[in-house]
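Q: Just passing along the structure, written as structure tokens.
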Amino acid sequence: MPKVIITDSTIPIALHELDKWSGKLTWELYAERLASVLGEKRISRYTLLSYPVLADAFKQKKNLLRAAPQSSAVEVQDVTLEFAKKQIETLEAKVARLERENNLFREQFVRWQHNLYMMPHVDMEKLNAQVDKPLPALNRR
């Protein structure tokens, strides 16, 4: 059985690496950097492509990098200012990605709501009462 590299705990790390990416972006370069961050020898492009959230974020970042104007040759000598700019770019990319995910979840909710409403013999009030029930308490002893 192959080793599972991408898990629920490593997906946020992989997304953060995409958020802070600058320069040329390819699957090979991204897989190489992610492997070094996760302490792995290598991660294949196909492994990353098998996770829709990573594939979608990669596509979005690639489009964002294409649309962004290329930086000029003049470089600022202030290291603090450069660090702040880099951090702002990373956070802006993260916000854009999260807004897109949020919009997709909203669309999914509206689609579910419409489909349930159109189903025959579905009592929306009973459904709402069932959906809004709190989760059961966990006893971890």
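Q: Residue 131 versus residue 9, label points 7 Å from Cα toward the beta carbon: distance in nm?
A: 3.3 nm
Q: Fewest Cβ neighbours within 10 Å first, please rank 105, 58 accordingly.
A: Details: 105 10, 58 22.
Least to most surrounded, the residues fall as 105, 58.
Q: Determine one quarter of the surface area of the Cα convex hull of the range 27-135, which equals its mean projected area, and express it in nm² to one decimal. Could the numbers behind the result be given before it?
A: Working: hull surface 48.7 nm².
Hull-based average projected area comes out at 12.2 nm².
Q: Distance in nm between label sites at residue 66 and residue 16, each 7 Å beyond Cα in the beta-carbon direction?
A: Taking the simple label geometry, residue 66 and residue 16 are separated by 2.9 nm.
Q: Separate question: Loop only by DSSP, 16 or fewer other Cβ within 10 Å of the Cβ. Give me the GluC sites (Glu not before Pro) in the range 1-101 that pass, ordered by residue number. Walk me through the numbers before you get to the answer.
A: Details: sites: 17, 28, 32, 40, 75, 82, 89, 92, 99, 101; in loops: 40, 75.
Those satisfying the criteria are 40, 75.
Q: Per residue of the chain, what 222 nm ellipticity follows from adding -39500 (n - 2.57) for every DSSP H run with n ≥ 4, rounded to the nearest 500?
A: Value at 222 nm, helices only, nearest 500: -21000 deg cm²/dmol.
Q: Hey, with R₀ at 35 Å, roughly what FRET efficiency would residue 124 and residue 101 work out to, going by the Cβ-Cβ distance, to 0.05?
A: Details: r = 27 Å, r/R0 = 0.77.
Using R0 = 35 Å, I get an efficiency of 0.85.
Q: Taking neighbour counts of Cβ atoms within 10 Å as a proxy for exposure, in what order, fewest first, do 112, 27 appear?
A: Working: 112 10, 27 16.
Arranged by neighbour count, lowest to highest, 112, 27 become 112, 27.
Q: Using only alpha carbons, build the gyration tensor for the range 95-137 and give me the equivalent ellipsoid semi-axes, biggest first, whole Å. Write out the running numbers ahead of the final one.
A: Details: eigenvalues 130, 59, 5 Å².
The equivalent ellipsoid of the range 95-137 has semi-axes of 25, 17, 5 Å.
Q: Also: So if I place +1 on the C-beta of Lys and Arg and -1 on the C-beta of Asp and Glu, and nothing else carries charge, what would the dipole magnitude of the range 80-141 be about its Cα centre? I want it in debye, nearest 20. All intermediate terms of the calculation are to be shown ahead of the outcome.
A: Values: 11 positive and 9 negative charges, 69 e Å.
Rounded to the nearest 20 debye, it is 340 debye.
Q: Name the most mobile residue of 18, 127, 34, meaning the one with the largest mean-square fluctuation, in a Gaussian network model of the chain with Cα contacts below 10 Å.
A: Of 18, 127, 34, the Gaussian network model singles out 127 as fluctuating most.
Q: Given R₀ = 41 Å, what would the calculated FRET efficiency be for residue 51 paired with residue 78, taking r from the Cβ atoms and rounding to 0.05?
A: Values: r = 38 Å, r/R0 = 0.93.
The formula returns an efficiency of 0.60 here.
Q: Could you give the dipole magnitude of the chain about its Cα centre, charging the beta-carbon of Lys and Arg +1 and that of Asp and Glu -1, in debye to the nearest 20? If you can, show how the numbers build up before the last one.
A: On the way: 22 positive and 18 negative charges, 89 e Å.
Dipole about the Cα centre, nearest 20: 420 debye.
Q: Sticking with this structure for a sec: Say a paramagnetic label sat at a point 7 Å from the Cα of residue 111, along Cα to Cβ; which residues of the range 53-69 have their backbone N under 20 Å from it?
A: In the range 53-69, the label zone of residue 111 (backbone N under 20 Å from the point 7 Å along Cα→Cβ) covers 53-60.
Here, each number is a calculation from the coordinates, and none is a lab measurement. These numbers come from a predicted model, not from an experiment. We place every Cβ from the backbone using ideal geometry, glycine too, and count neighbours over all the protein chains shown.
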